[in-house]
Structure formats: C-alpha cells, structure tokens
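In what follows, a structure is listed as structure tokens, so that the remarks can point back to it.
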Amino acid sequence: MVETGWSGENASEEKARSLHLEELRLKIVSGQIGSEERLTVPTLAKAWGMSTTPVREILLELAREGLIEARRNRGFIVTRPTVSDLKELFALRAELEAYALSCIHSISAPDYDSLIGKATAIGDAVGKRDTLLYLETDRAFHLHLVSLAGNRLLVKMIMNLRDNMRLYGIESEAGLHRQQLSVPQHFELVELLAASKTKDAIDLMRRHILDWEPIFVQAAANA
C-alpha cells in the first residue's frame, strides 16, 4: 500500500518550523534582532530544541527573502536597508496595494466577516501593547485583503516588500501612537470596499501605508 501525506511527527516538525520561521521574520522586520546580532544554526537549534536541518532551511529561506545574509564561517547577519531603500519600498508597496484594491470588485460575506475578525485582532494586539502580535495580525489582514485581487504574483510581490521594510521605530512613542491610529483604518478599508467605494479605499490605503514612512525613516536614520 502506498502511503501519502505527512506522518504525525513530520507534520509536527513542519508546524514548528513554520512557527519559528514566522517568529524570526517578525523579530527581524521589527528591528528586535539588529544588524549586529549573529544568527547561527547550532545556537538556534539548541534554543528551539530542533535538529540543525530545519533551522538551516529557515535561515536559508530568510536569506532568499533578503532579510539576512550568510557570512563565511560566521553564520548569518541581518541585512540593514538604507533610508533610500526604505523610501523606495514604501513607494512601491503603497502603489501595489492600491492597485490590488482596484482589482477587488466585491467582498463575499465570509471574507467580510474574516477581515473584520482580523481587524479586531489587530485592535486587541494594540490594546495589549504586543508589537509582535500586532505585526502578525496586521500581516494576516493585509495578506487576506490583497489576496482578494486574485493575482498570486501580485500578492507575493506585496508581501515580500512588506517583509523587507524593517519597521524600525515601531515601538517608539510615535510608532505606538501610529499603531493606535491604524486600528480604525483597517475596519474602514473593509467597509469602503464592501460598499464598492473603491477610490476612497485606495486613497485610504495609500495614507495607511505612507503615514508610517516618516517614523521608520527617522528611526533608520538615527540608528
């Protein structure tokens, strides 16, 4: 008999790998792991209680995304974008997410309910002052929203830009205030699209993204 699918053990390992990959990505993106910190396979494998193979796969995947780079016999270090890099990333992401919204012709009831649920989760994260949870829930919201455009390549490009933005300053006073201001905007985006007010949704999306730019750019410039 031919066996198909994951065994329970393999499925558990894959789940752990995915969780650690996302956790490490968020810590890099938020600046909690700085460019001076070295990441090595043995150290992470010991900390996570995993074998070295999946840990190496995680680091190589993050390297392919441009978040870290390998150093000969020294593990990996976090890459640091310049101020110019950040400005270019913001400009591209704002236009691509705006374009994604222009491709959304309607929102089904299940998608509406799911997006409202994700927007609520963002608000809960802000209320707890949990930055990593905020980034996780915000990412899930935007991923779901742009996926409604029905263009997988576009979604991949947007999320890659987002994951390379480096959200320096997100835990500063200005960053925490901007988190609070962003909460109602997520609900408003959903309501505007549900009401077929696409142009208003596009305008809001551009502001929603670009209002973060001075915070991150200033933090990067001062680092």
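The values are calculated or read from the model by the stated rules, or taken from the named source; none is laboratory data. What you see is a predicted model; the values in this text were computed from it and never measured. All Cβ positions, even for glycine, are placed from backbone atoms using ideal geometry, and neighbour counts span all protein chains on display.
Of everything in region 120-137, what is surrounded by fewer than 22 Cβ atoms within 10 Å (Cβ to Cβ) and not polar (S, T, N, Q)? Give them in sequence order.
Scanning region 120-137 gives 121, 123, 124, 125, 126, 127, 128, 129, 130, 132, 133, 136.
Out of all the residues in region 29-79, which are of a type in the set (Lys, Arg) and not in a loop (DSSP other than H, G, I, E, B)?
Listed by number, the residues that qualify are 38, 46, 56, 64, 71.
Search region 64-77 for residues that are aliphatic (A, V, I, L, M) and pair each with any residue that is in a loop (DSSP other than H, G, I, E, B) and loosely packed, with under 11 Cβ neighbours inside 10 Å when their beta-carbon atoms are under 8 Å apart and the residues are at least 6 apart or on different chains.
Partner pairs satisfying both residue conditions: 77/36.
Tell me, yes or no, whether region 199-221 has at least one residue that is buried (at least 18 other Cβ atoms within 10 Å of the Cβ), farther than 22 Å from residue 95 by Cβ and at pLDDT below 90.
Yes, because at least one residue in region 199-221 is buried (at least 18 other Cβ atoms within 10 Å of the Cβ), farther than 22 Å from residue 95 by Cβ and at pLDDT below 90.
State the number of residues belonging to region 116-160 that are more than 19 Å from residue 23 (Cα to Cα) and in contact with a His (Cβ under 6 Å, 6 or more places away or on another chain).
So the count comes out to 1.
Which one is surrounded by the fewest Cβ atoms within 10 Å (Cβ to Cβ) among residues in region 177-198 that are without any contact (Cβ under 8 Å) to a residue 40 or more places away in the chain and not in a helix (DSSP H, G or I)?
195
Which helices (runs of 4 or more DSSP H) does region 80-160 wholly contain that include 3 or more residues that are free of Cβ contacts under 8 Å to residues at least 12 places away in the same chain?
Of the helices (runs of 4 or more DSSP H) lying wholly inside region 80-160, those with at least 3 residues that are free of Cβ contacts under 8 Å to residues at least 12 places away in the same chain span 83-102, 109-127.
Restricting attention to region 64-77, and to residues there that are surrounded by 14 or more Cβ atoms within 10 Å (Cβ to Cβ) and over 16 Å from the mean Cα position of the chain (by Cα), which single residue is nearest to residue 27 (Cα to Cα)?
The selected residue is 77.
Each row is one residue, and each column tells you yes or no for (1) more than 29 Å from residue 222 (Cβ to Cβ); (2) basic (Lys, Arg); (3) modelled with pLDDT under 85.
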site	(1), (2), (3)
26	no, no, yes
35	no, no, yes
62	no, no, no
81	no, no, yes
107	yes, no, no
